[in-house]
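The values are calculated or read from the model by the stated rules, or taken from the named source; none is laboratory data. These figures come from a predicted structure and were not determined experimentally. Reconstructed Cβ throughout: ideal geometry from the backbone, glycine too, with neighbour counts over all protein chains shown.
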Amino acid sequence: MIVETAKAKLNLALHVRARRADGYHELETLFAFVEHGDIVSATRAEADSFMLAGPFAGVLAGEGGNLVTRAAAEFAREFGHGAHAITLDKRLPVASGIGGGSADAAATLRALGRLHGISVADMFPIAAALGSDVPACLHGVTAIGRGRGERLEPVPGLPGTPVLLVNPGVAVSTAEVFRRWDGVDRGPLPADPRAGRNDLEPPARAIAPVIDDVLDALAGAPGAGLVRMSGSGATCFALFDGEASRDAAAAALAGRGWWTLSTRLT
Ligand code: C5P
């Protein structure tokens, strides 16, 4: 049995530069990952099976289908290697800007790759076909992403930095958030992501105004540094100057009914 963590993905900054003819958007983003995520387990089996568990299993089942089974099917089509029993322990909120399905797909590929001795580099073409964030999640290291997000340039990260993730419980459609982007190119990614932006914040906030409350609450927390929405939202994050200030912020938010995750950058 191979077990892989589908680490949650953060966009420390996300600059949307242009709308493309193929319907996607040209991005410059700084990907980072945290220690926690969904858990994918895979083993060889007589017949393919998929089991869903965990606190967000019901939400995902309601959406019908998921990227784990698609990733496994793509792997089988490309490399063969027979059938697998795969379990997804769904711990992260669905459609929330922190990778979710993309990280699950990437963890599935990593698990099957480990079972059969196939390298991450060899699985890269499948990853890009499964979704824009899947290549970044497959590598799982801090990196600048360009193109749709699939052209990756690893950069030094800030491993161990305490992070608080907060999701107000509103699922936001990535496609709709991109559709509502105003088409204005506000410039390239700066060297320091703190000086950057998430250009998807305004359209996401228009769909889910509660994102403003989350960002305000995090910005007001003692010890919070970079505070931003991740991806197309609605999950927001804050980097903290210590675990005590992060945990105090989480405790202060406990009454709001929001999902929170206290973790660290990897
Ligand atoms: O690639 P993925 O399937 O994860 O993207 C979901 C949706 O998000 C796309 O259908 C597209 O509408 C939007 N998207 C985009 N530009 C990107 C990534 C995603 O417009 N770079």
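Some observations on this one:
- Pairs with Cβ under 6 Å, 6+ apart, first in segment 102-130 and within 18 Å of residue 141 (Cα to Cα), second within 15 Å of the ligand (Cβ to nearest atom) and of a type in the set (Val, Ile, Thr): 102/134; 104/68; 105/134; 106/134; 108/68; 127/134
- Residues of segment 11-48 that are exposed (fewer than 14 other Cβ atoms within 10 Å of the Cβ) and either under 26 Å from residue 150 (Cβ atoms) or at pLDDT below 95 (or both): 18, 20, 21, 22, 23.
- A single member of 193, 168, 135 is surrounded by 14 or more Cβ atoms within 10 Å (Cβ to Cβ), in contact (Cβ under 8 Å) with a residue 60 or more places away in the chain and closer than 24 Å to residue 90 by Cβ, and it is 168.
- The residue of segment 78-109 that is nearest to residue 121 (Cα to Cα), among those that are touching a Phe, Trp or Tyr at 6+ places or on another chain (Cβ under 8 Å) and of a type in the set (Ser, Thr, Tyr), is 108.
- Enumeration of residues in segment 174-190 that are closer than 18 Å to residue 237 by Cβ and either assigned to a helix (DSSP H, G or I) or without any contact (Cβ under 8 Å) to a residue 12 or more places away in the chain (or both): 174, 177
- Scan of segment 230-257 for residues that are within 21 Å of residue 169 (Cα to Cα) and surrounded by 20 or more Cβ atoms within 10 Å (Cβ to Cβ), ordered by number: 230, 231, 232, 233, 234, 235, 236, 237, 238, 239, 246, 249
- Residues that are under 16 Å from the mean Cα position of the chain (by Cα), among the aliphatic types (A, V, I, L, M) and within 17 Å of residue 138 (Cβ to Cβ), drawn from segment 1-26: 6, 8, 10
- Exclusive hit being at positive phi and within 12 Å of the ligand (Cβ to nearest atom), set 82, 54, 97, 101: 97
- Residue 191 vs. criteria away from the ligand (no atom under 16 Å from the Cβ) and not assigned by TED's automatic domain parsing to the domain that holds residue 59: yes
- Picking from residues in segment 144-165 that are within 15 Å of the ligand (Cβ to nearest atom) and among the small types (Gly, Ala, Ser), the one that is nearest to residue 93 (Cα to Cα) is 149.
- Number of the exception - residue 29 against (1) over 15 Å from the mean Cα position of the chain (by Cα); (2) among the hydroxyl-bearing types (Ser, Thr, Tyr); (3) within 16 Å of the ligand (Cβ to nearest atom): (1)
- Verdict on residue 8 being assigned to a strand (DSSP E or B) and either surrounded by fewer than 16 Cβ atoms within 10 Å (Cβ to Cβ) or within 16 Å of the ligand (Cβ to nearest atom) (or both): yes
- Filtered residue count, segment 88-130, keeping only those that are assigned to a loop (DSSP other than H, G, I, E, B) and among the basic types (Lys, Arg): 2
- Matching option when the condition is assigned to a strand (DSSP E or B), at pLDDT 95 or above and either away from the ligand (no atom under 16 Å from the Cβ) or not assigned by TED's automatic domain parsing to the domain that holds residue 30 (or both), among 238, 251, 234, 244: 238
- Which numbered condition residue 36 fails, given (1) away from the ligand (no atom under 16 Å from the Cβ); (2) under 17 Å from the mean Cα position of the chain (by Cα); (3) over 21 Å from residue 228 (Cβ atoms): (3)
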